[in-house]
Amino acid sequence: MKKIRVNLDRRSNLSYDIFIENDILDRIGLLIAKKNVARRYIVISDSNVSSIYGEKFLEILRGVNLPADLIEFPAGEASKNIDTVSSIVRKLIEMGADRSSALVALGGGVTGDVTGFVASIYMRSIPYIQVPTSLLAQVDSSIGGKTGIDLPEGKNLLGTFFQPKMVFTDLKFLETLPDDEFNNGLAEIIKCGVIDDVELFHLLEREGEAIKNRNPDILETIVERTCRIKGGIVEIDEKDAGIRRILNFGHTLGHAIETASGYTISHGNAVSVGMIATARISEKLNYLSTGERNMIEKLIENTGLLNKIPESIETADIISGMKTDKKKKGDSIHFVLLKKLGVPFSNGSVEKRLIRETIEGLR
Ligand code: ADP
Ligand code: ZN
């Protein structure tokens, strides 16, 4: 079993381990029992994940004599709201959960964000454990301790930084993950290869077929490498101030495309074409070589992720969805750019004219 330790603030009570392996469900119970973070566990899961894994997970905890209950909420990003939070909280109260209880987030990013948020505020905070079941949650949202919910005014507007006690990443969950969701995770993995780990980048190039077939050995390797990168960055920069910004590579444009599409384009696809655009901008500004820019485009294309911006999305809508750089009189936008593969820099300022031209070039 692979184990990654995330050390935060050098305060040992804030550090935790990420366990990664294929088919560890049977051993999770014992590991949780040994860690002894609570007397009682409440598993929180969305309706999809709960129907496949909910009962099994309860059996695992009960099998090692840990009292366990399940709270289910409807699957989907639309559930990431204050109503879900208050309904979970009220069920917790009804069940008699107290400060000697812990929550277990069994599910994708939505489950992790909601559960972490509830854990951080319920009775002034109780511990929680992450069991990410989507590829995106395994490599991205389960690391870093960001919790939160959406408001009608925008995404993630209410939230906290709250670290889990342990994270269990079992590749076996991915067997039942729908293709689109799998691709969302792949986009973040490619991003980590591009900004930090050139070896990972080449592995993704070589093993495209095995990854598509969800070969658990390859998945274990790429998930582990990606978790190490994200964990390492979060360690240096827990509260999202400086270096953590490089994780936004491809996201400035990606988010704007996702929003301008009315969320008909998935996060992974939007970030993918956002990465291509950003690589092109980096090339046009004479940072990135044409050869490496090409390699990035090929990898995204071969992985089956979005590499063009659909005509139906207006350039002006994409541009207006990005925050302008106030110091530059609103004519430019802040970007994480690339000097070369594995070498990003976060203080790039890009003129809107160049962004517009790059978007048009991707039609
Ligand atoms: P994220 O992409 O951030 O993980 P969600 O938590 O909404 O977002 O998960 C995406 C979708 O995938 C949800 O519909 C969720 O129920 C579903 N899902 C997550 N993990 C699995 C799994 N292992 N098997 C099947 N469906 C899953
Ligand atoms: Zn992302």
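Residue-wise test of (1) open to solvent by less than 10 Å² (accessible area, probe 1.4 Å); (2) touching a His at 6+ places or on another chain (Cβ under 6 Å); (3) of a type outside the set (Phe, Trp, Tyr).
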{"site": "142", "(1), (2), (3)": "yes, no, yes"}
{"site": "147", "(1), (2), (3)": "no, no, yes"}
{"site": "151", "(1), (2), (3)": "no, no, yes"}
{"site": "168", "(1), (2), (3)": "yes, no, no"}
{"site": "171", "(1), (2), (3)": "yes, no, yes"}
{"site": "184", "(1), (2), (3)": "no, yes, yes"}
{"site": "187", "(1), (2), (3)": "yes, no, yes"}
{"site": "201", "(1), (2), (3)": "yes, no, no"}
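Among the residues of this structure, residue 305 counts as one that is over 18 Å from residue 355 (Cβ atoms), within 15 Å of ligand 2 (Cβ to nearest atom) and open to solvent by less than 20 Å² (accessible area, probe 1.4 Å). Within the stretch 79-95, being part of a helix (DSSP H, G or I) and either charged (D, E, K, R) or modelled with pLDDT under 95 (or both) holds for 83, 90, 91, 94.
When restricted to residues that are within 16 Å of ligand 1 (Cβ to nearest atom) and farther than 14 Å from residue 141 by Cβ, the stretch 218-258 contains 5. For the stretch 129-170, the set of residues classified as assigned to a loop (DSSP other than H, G, I, E, B), within 16 Å of ligand 2 (Cβ to nearest atom) and at pLDDT 95 or above consists of 134 only.
Pairing each residue of the stretch 172-189 that is within 16 Å of ligand 2 (Cβ to nearest atom) with any residue that is among the hydroxyl-bearing types (Ser, Thr, Tyr) and at pLDDT below 95, provided the two are 6+ apart or on different chains, yields C-beta distances under 8 Å for 180/266; 183/266; 183/303; 184/266; 186/303. The sole residue among 258, 283 that is in a helix (DSSP H, G or I), touching a helix residue (DSSP H, G or I) at 6+ places or on another chain (Cβ under 7 Å), open to solvent by 20 Å² or more (accessible area, probe 1.4 Å) and free of Cβ contacts under 8 Å to residues at least 24 places away in the same chain is 283.
Of all residues in the stretch 1-28, those that are at pLDDT 95 or above and over 24 Å from the mean Cα position of the chain (by Cα) total 0.
The values are calculated or read from the model by the stated rules, or taken from the named source; none is laboratory data. Source: prediction; values computed, not measured. Positions of Cβ are backbone-derived with ideal geometry, glycine not excepted, and every protein chain shown enters the neighbour counts. Note: areas computed on protein heavy atoms with side chains; ligands, DNA, RNA excluded. Shrake-Rupley method; radii C 1.70, N 1.55, O 1.52, S 1.80 Å.
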